[in-house]
Amino acid sequence: MASRVPRVLASAAGALRGRVGWTVASAAVLALGLLAVWLFVGGKQDGPPDPRARQYKDFDACLLTDEKGIVTGAPAAPVWEGMQQASGETQVRVTFVPVMGEQSVANVQPFFNGLMQRQCDVVLASGAPQVKVVEEGAKKHPKVRFVVVDGSKGAGNVTLVASGEGLKKAVADAVRQAVKDATP
């Protein structure tokens with residue numbers, strides 16, 4: 001029996017030389033790779049999904065601000081708070097984009113164009129150059145809703161809100177209305 005083992009091993013080694021050996025080795029590597037993928041990735045989730053994970057609607061509300069952004073005390077802070085309030089009630093995604101650098105219409109324009117490329121459903125603007133760019137851009141994007149703080153040109157797709165005490169509520173109401181108008 002002990003003399004058979006070396007002969008069996010020698011014949012197996014001889015059989016694995018050449019094309020047969022490459023084929024068997026390739027099949028073994030592929031099988032081990034698939035087994036590894038199944039073990040590490042293919043397993044089912046243990047337990048229910050995370051209940052804290054918010055399920056958002058396919059709707060984006062985007063805020064265009066000055067370089068201060070949404071920090072406490074910035075002009076856009078109450079706008080952001082109103083957007084967050086509306087998001088909590090309607091499950092829409094909210095984001096903000098601060099315009100860095102010179103606060104001019106020429107500098108704001110590329111940031112606005114970026115929001116249009118991202119296909120925001122409602123665009124909010126806080127700050128004089130931001131509002132001016134949004135009011136002009138609203139004419140070219142009739143399917144998008146716009147909300148401007150202290151703007152001057154209300155149109156079919158532009159909602160004007162005034163700064164001050166009621167700004168947060170006015171923004172939340174405007175975002176809720178935009179979601180309602182977009183829902184069939």
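The values are calculated or read from the model by the stated rules, or taken from the named source; none is laboratory data. Not measured: the values here are computed from a predicted model. Reconstructed Cβ throughout: ideal geometry from the backbone, glycine too, with neighbour counts over all protein chains shown. Calculation scope for accessible area: heavy atoms of the full protein, side chains included, ligands and nucleic acids excluded. Shrake-Rupley method; radii C 1.70, N 1.55, O 1.52, S 1.80 Å.
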Vicinal HN-Hα couplings computed from phi for region 137-153 (Karplus, 6.51 cos²θ - 1.76 cosθ + 1.60; Hz; Gly/Pro x): x, 4, 5, 8, 10, x, 8, 9, 8, 10, 10, 10, 8, 6, x, 10, 10
Helix 77-90 vs. the chain, principal-axis angle (Cα, 0 to 90°, nearest 10): 60
Antiparallel %, DSSP beta bridges [both residues in the chain], to 5: 5
Sequence-distant residues sharing a close amide H with residue 147 (under 5 Å, placed H): 123, 124, 125, 159
In sequence order, calculated HN-Hα J values of region 104-117 (Karplus, 6.51, -1.76, 1.60; Hz; x Gly/Pro): 10, 4, 4, 7, 6, 3, x, 5, 4, 4, x, 5, 5, 5
1.4 Å probe accessible area per residue over region 69-180, in Å²: 49
Charge-dipole axis of the chain as Lys and Arg at +1 and Asp and Glu at -1 on Cβ define it, positive-most pick from 86, 34, 113: 34
Size-normalised alpha-carbon gyration radius of the chain, reference 2.2 N^0.38 Å: 1.87
Residue pairs, from the table 57/143; 68/143; 57/132; 143/180, whose Cα atoms sit over 22 Å apart: 68/143; 57/132
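For the chain, the longest stretch holding no GluC sites (Glu not before Pro) located in a DSSP loop with at most 11 other Cβ atoms within 10 Å is which? Could the numbers behind the result be given before it?
Details: sites that count: 102, 165.
Formally, the longest exposed-site-free interval is 1-101.
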Among 35, 167, 115, residue whose mean-square fluctuation peaks in a GNM of the chain (springs only between Cα atoms under 10 Å): 35
Highest-MSF residue in the chain out of 106, 76, 174 [GNM, Cα springs under 10 Å]: 106
Carbon plus sulfur fraction of accessible area for region 81-128, probe 1.4 Å, in percent: 52
Dipole magnitude of the chain, debye to nearest 20 (Cβ charges: Lys/Arg +1, Asp/Glu -1, about Cα centre): 1220
Cross-link reach list, aspartates and glutamates versus residue 153, counting only Cα pairs under 15 Å and skipping chain neighbours closer than eight places: 135, 136
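Quick one: dipole size for region 126-184, taken about the Cα centre, charges +1 on Lys/Arg Cβ and -1 on Asp/Glu Cβ, in debye to the nearest 20. List each step's numbers first, then the result.
On the way: 10 positive and 6 negative charges, 43 e Å.
Dipole about the Cα centre, nearest 20: 200 debye.
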